[in-house]
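**Student:** Questions regarding the structure given below will be posed in turn.
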Amino acid sequence: MKENMSEFQSPAIILVGAQLGENIGTVARAMLNFGLTDLRLVRPRPDWQIARARKAAAGAESLIDNRAMFDTVAAATADLGFVVATTARLRDMVKPVMTPSHLGEQMRVQTAETGTKSGVLFGPERTGLDNEDISLADAICRVPLNPDFSSLNLAQAVLLIGYEWFQAADSTPSQQLPVPDTRPATRAELHAMFTHFEAALDAAGFLAPPEKKPAMARNLRNMFHRASLTEQDVRTFRGVINALLRWPRGGDDKLIKPRVAAISKGAPDPGTGGANDLGDDAD
């Protein structure tokens with residue numbers, strides 16, 4: 001089977017002696033999550049039932065249909081330049097032992113530096129790989145797990161390796177804040193909101209006594225900075241301030257509106273009047 005470039009760059013997943021079609025199918029599903037498409041089966045149980053594998057693949061049926069079948073591990077790894085065996089048990093062999101994260105990086109390095117394809121061996125569900133098959137590998141991969149319970153099913157093991165290989169070249173930010181239909185607030189918008197808020201608190205008598213006002217204002221500003229406000233958040237909060245300033249409802253608009261407009265602009269004299277710079281959306 002001729003490999004395309006993506007198949008060459010991604011490691012082969014080699015299942016040795018897989019027992020159940022369902023497990024093979026869930027492995028295919030785990031593989032495709034991370035762009036792995038080269039599924040190789042070595043001596044699967046004769047009655048592993050492809051129909052069950054395709055059903056368990058849940059969208060990754062193409063991997064089942066395009067699987068490669070082999071009689072021996074040697075044949076399944078013949079075209080590979082770097083082969084790693086997965087096992088949970090310590091073996092009486094002198095081989096490098098890697099964590100999944102290091103393995104993911106090394107497979108990328110091998111392809112980039114030597115132009116060779118990598119492969120990862122996974123053993124039968126019940127027994128794992130035997131020593132004869134492990135002897136054909138360049139290194140061993142062991143997953144750091146709870147020492148009192150270190151049992152992974154086949155798909156989980158493949159998922160871990162696939163994830164680490166994918167992560168080794170992934171540039172997704174470790175943290176981000178999606179802001180659909182808005183944008184992060186600018187410093188000017190935040191400063192205007194702080195001025196508005198502090199003027200309202202002054203009018204309510206909250207920022208007292210005077211000697212404590214600077215520290216109280218700083219604490220409030222720091223609290224809002226930690227919130228990473230959007231432009232819409234600022235507009236909404238300034239509307240909340242104005243709604244509170246108009247309380248109680250039913251008051252004399254001729255007295256309330258100039259007061260609210262002055263405070264929203266941070267004017268020291270609430271009686272100066274002026275238009276509300278927020279518009280209807282902030283009411």
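The values are calculated or read from the model by the stated rules, or taken from the named source; none is laboratory data. Just so it is clear, the structure is predicted and the values come from calculations on it, not from any experiment. Don't worry about glycine lacking a Cβ; one is built from the backbone with ideal geometry, like all the others, and counts go over all protein chains shown.
**Student:** What is the one condition in (1) part of a helix (DSSP H, G or I); (2) small (Gly, Ala, Ser); (3) surrounded by fewer than 20 Cβ atoms within 10 Å (Cβ to Cβ) that GLY35 does not satisfy?
**Tutor:** Of (1) part of a helix (DSSP H, G or I); (2) small (Gly, Ala, Ser); (3) surrounded by fewer than 20 Cβ atoms within 10 Å (Cβ to Cβ), only one is false for GLY35: (1).
**Student:** I need every pair where a residue in segment 16-39 that is in the same structural domain as GLY104 (by TED's automatic domain parsing) has its Cβ under 7 Å from the Cβ of a residue that is of a type in the set (Lys, Arg) and part of a helix (DSSP H, G or I), sequence separation at least 6 or different chains.
**Tutor:** Close Cβ pairs satisfying both conditions: GLY21/ARG52; GLU22/ARG52; GLY25/ARG52; GLY25/ARG54; GLY25/LYS55.
**Student:** Another question, if that's okay. Being of a type in the set (D, E, K, R) and outside any loop (DSSP other than H, G, I, E, B) is the filter; apply it to segment 70-123 and report the residue that is nearest to ILE140 (Cα to Cα).
**Tutor:** Among them, the one singled out is GLU105.
**Student:** Out of the residues in segment 40-66 meeting the condition of being surrounded by fewer than 22 Cβ atoms within 10 Å (Cβ to Cβ) and touching a residue at least 40 places away in the same chain (Cβ under 8 Å), tell me which one is nearest to VAL120 (Cα to Cα).
**Tutor:** ARG40
**Student:** Can you find even one residue in segment 100-108 that is in contact with a Leu (Cβ under 9 Å, 6 or more places away or on another chain), at pLDDT 90 or above and more than 18 Å from PHE34 (Cα to Cα)?
**Tutor:** no
**Student:** Criterion first (surrounded by 14 or more Cβ atoms within 10 Å (Cβ to Cβ), more than 18 Å from LEU15 (Cβ to Cβ) and out of contact with any Cys (no Cβ under 8 Å at 6 or more places or on another chain)) does ALA185 satisfy it?
**Tutor:** Yes, satisfied.
**Student:** Can you find a residue that is modelled with pLDDT under 90, more than 18 Å from ALA18 (Cα to Cα), among the hydroxyl-bearing types (Ser, Thr, Tyr) and loosely packed, with under 14 Cβ neighbours inside 10 Å anywhere in segment 139-150?
**Tutor:** yes
**Student:** I would also like to ask the following. Residue under question is ALA243, and the condition is that it be more than 32 Å from the chain's Cα centre (by Cα) and within 19 Å of LYS265 (Cα to Cα); does it hold?
**Tutor:** yes
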